[in-house]
Amino acid sequence: MANLRIGDKAIPFKLLGVDDKIHSLGDYPSKNAVGVIFSCNHCPYVRAWEDRMVQIQGDYAGKGFQLIAINSNDETKYPDDSFPKMKERARERKFNFPYLWDETQEIARAYSPERTPEVFLFDKSLMLQYHGAIDDNYDDPKAVKNHYLRDALDAVLAGKSVSMPETRLVGCTIKWK
Amino acid sequence: MKGLDIRFLYSRECPSYEEALQRLRQVIKEEGIDPSVEVFEVETREQAEKLRFLGSPTILIDGQDIDPQPNPQYALTCRAYRLEDGRISPLPSVEMIRGALRSAIEKRS
């Protein structure tokens, strides 16, 4: 179970990104919403949702949203989740958001996500407003009925309460060392 | 048709196995095939190697993976299927399952 409850403050981090720069939660003080997604390369659920992650960042960037993906998986057991492979994936899929490497799993231990992908959406004050899945259909983007993250973003950006602040996670388990 | 050896292999860590099994059973029913499916939960790397488990879910028909890989790596992991439209999914498509069943039937006739 995640270590954050709705209304909790985001846990800070400083992690290396695929651009070879250090990224910090504090880099985005002017953002109206920040979405931290625990992600990885190998998980087919992430791969099914990846394009939608890019689309969401693209659609909401102009409204002051920043998505940040973090890979915390054990790369020795899952070599597809290695840092070089992360760089390749970000390039191939044209990630328009930071993709960060939690090599020691320190940030994963702090947040305690269970799955990839797993979304933590924070408001302007970095308070958690939504936790869960990106939407309700990993298999077919055209068959999505509930756009959980988009709906949560719309609410947060409008200063309203999120109607479904927690949703069921679907994805691969975090690969702990 | 009777006699196809259909095996469904899964790992409990991957959440969509029940949906995949349901999908397999549905296609078997639509094709009028003997509905017997052996279901195996794969729990160790040794089992993954022995059962030729490419990840969850894996469907073998007469010993043949429905989506054979050129360099198979047997592992306890969730499996990524490339669908007909190029997308990646944790589930094989109905078309992939149906195609594999029909191909197995053809080989037998």
(request) Could you tell me whether the stretch A:143-155 includes any residue that is within 14 Å of another protein chain (Cβ to nearest Cβ) and either surrounded by 14 or more Cβ atoms within 10 Å (Cβ to Cβ) or of a type in the set (Lys, Arg) (or both)? (result) yes
(message) Six or more apart or on different chains, Cβ atoms under 8 Å: show the pairs whose first residue is in the stretch A:40-59 and surrounded by fewer than 18 Cβ atoms within 10 Å (Cβ to Cβ) and whose second is assigned to a helix (DSSP H, G or I).
(response) A:Asp51/A:Pro141; A:Asp59/A:Arg150
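Listed here are the residues, each with its yes/no results for (1) within 14 Å of chain A (Cβ to nearest Cβ); (2) touching a Cys at 6+ places or on another chain (Cβ under 9 Å); (3) not in a helix (DSSP H, G or I); (4) not polar (S, T, N, Q).
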position	(1), (2), (3), (4)
B:Leu4	no, no, yes, yes
B:Leu9	no, no, yes, yes
B:Glu19	yes, no, no, yes
B:Gln22	yes, no, no, no
B:Ile28	no, no, no, yes
B:Gln47	no, no, no, no
B:Leu60	no, no, yes, yes
B:Pro72	no, no, yes, yes
(message) Of all residues being of a type in the set (Lys, Arg) and either under 17 Å from the mean Cα position of the chain (by Cα) or closer than 29 Å to A:Ser30 by Cα (or both) in the stretch A:63-88, which is surrounded by the most Cβ atoms within 10 Å (Cβ to Cβ)? Just the residue, please.
(response) A:Lys87
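Check B:Ser109, B:Ser36, B:Ser16 and return the single one that is surrounded by 13 or more Cβ atoms within 10 Å (Cβ to Cβ), farther than 20 Å from A:Asp80 by Cα, at pLDDT below 95 and small (Gly, Ala, Ser). Walk me through how you get there before you give the answer.
Details: B:Ser109 fails: surrounded by 13 or more Cβ atoms within 10 Å (Cβ to Cβ); B:Ser36 fails: surrounded by 13 or more Cβ atoms within 10 Å (Cβ to Cβ).
After applying the criteria, what remains is B:Ser16.
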(message) Please go through the stretch A:76-112 and give me each residue that is within 14 Å of chain B (Cβ to nearest Cβ), acidic (Asp, Glu) and in contact (Cβ under 8 Å) with a residue 24 or more places away in the chain, ordered by number.
(response) A:Asp80, A:Asp81
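The values are calculated or read from the model by the stated rules, or taken from the named source; none is laboratory data. For clarity, every value in this text was computed on a predicted model and none was experimentally measured. For neighbour counting, all protein chains shown are included, and Cβ atoms are generated from backbone atoms with ideal geometry for every residue, glycine included.
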